[in-house]
Amino acid sequence: MLKNAIIILVLIIFSFKASADLQKENLLCTTKKVNFLRQLPTQKSAIVRSLPMYTPLKVMSKNKNWYKVIGVYYNGWIHESIVRSDIECMIFTSHGSPSCPGRKNTTHKIRFREGFKVLKKEIGCNYVQTSIGRRFWIDSSYAWPIEENLSLHLDN
């Protein structure tokens, strides 16, 4: 009976990890200080918005070297040379307090649409880095993409 329960638990954990890995394949993070989101997949196309470093984007499709993406407040095309899929990032989507209970609070003033590289996750909080290298814990309840406040990695 206990053996069956353990097997079921292991299967559930691996299915959550597989689901998170699939979702992660469709997520990108901007990597430059300034990243241009364009109207069409060409360098000469109109700029829809300038995105800061570590802005999370969801991939909708790909056209050669360009990704059609959506963000929390915008959509457009971005060149593959200024995004990465092997790092995790988030933005804080609330004007509420970004501090985590029981953690050293940051004195960093969070700017609207500021991107953060996610370095570590714990339930309800992410340890993040800003584009200028500041590191602190932030409440993940208001993270976008939503995957950043739902997924938790289990270390081996």
How do 54, 142 line up, fewest other C-beta atoms within 10 Å first?
-> 142, 54
In nm, spacing of pseudo-spin labels at residue 87 and residue 99 (7 Å Cα→C-beta vector) | 2.8 nm
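Using the structure shown, list the pairs from 64/117; 33/109; 64/121; 58/120; 68/117; 58/109 with a Cα-Cα distance above 24 Å, or answer none. Please list the in-between numbers first.
On the way: 64/117 26 Å; 33/109 18 Å; 64/121 34 Å; 58/120 21 Å; 68/117 21 Å; 58/109 26 Å.
From the list (64/117; 33/109; 64/121; 58/120; 68/117; 58/109), the Cα-Cα distance tops 24 Å for 64/117; 64/121; 58/109.
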Fewest to most neighbouring Cβ within 10 Å: what's the order for 88, 114, 80?
-> 80, 114, 88
So residue 108 and residue 50, fully extended at 0.36 nm per residue minus their Cα-Cα distance, gain in nm 18.7 nm
Residue 49 long-range amide H proximity, modeled H, under 5 Å = 37
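Count charges around residue 130 for me, please; just the other residues with Cβ under 10 Å from its Cβ, Lys/Arg as +1, Asp/Glu as -1.
Details: positive: 111, 117, 134, 135; negative: 114.
Neighbour charge sum, excluding residue 130 itself: +3.
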Sorted by Cβ neighbour density within 10 Å, fewest at the top, the residues 57, 27 | 27, 57
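On full extension of the chain, what length is gained from residue 132 through residue 146, given 0.36 nm per residue of separation minus the C-alpha to C-alpha distance? Working shown, then result.
On the way: separation 14, 0.36 × 14 = 5.04 nm, distance 2.41 nm.
In short, 2.6 nm is gained.
Bear in mind these aren't lab numbers, they're just calculated from the coordinates by the rules spelled out. Every value quoted in this text rests on a predicted model; they were computed, and no experiment measured them. Note that we place each Cβ from the backbone using ideal geometry, even for glycine, and neighbour counts take in every protein chain shown.
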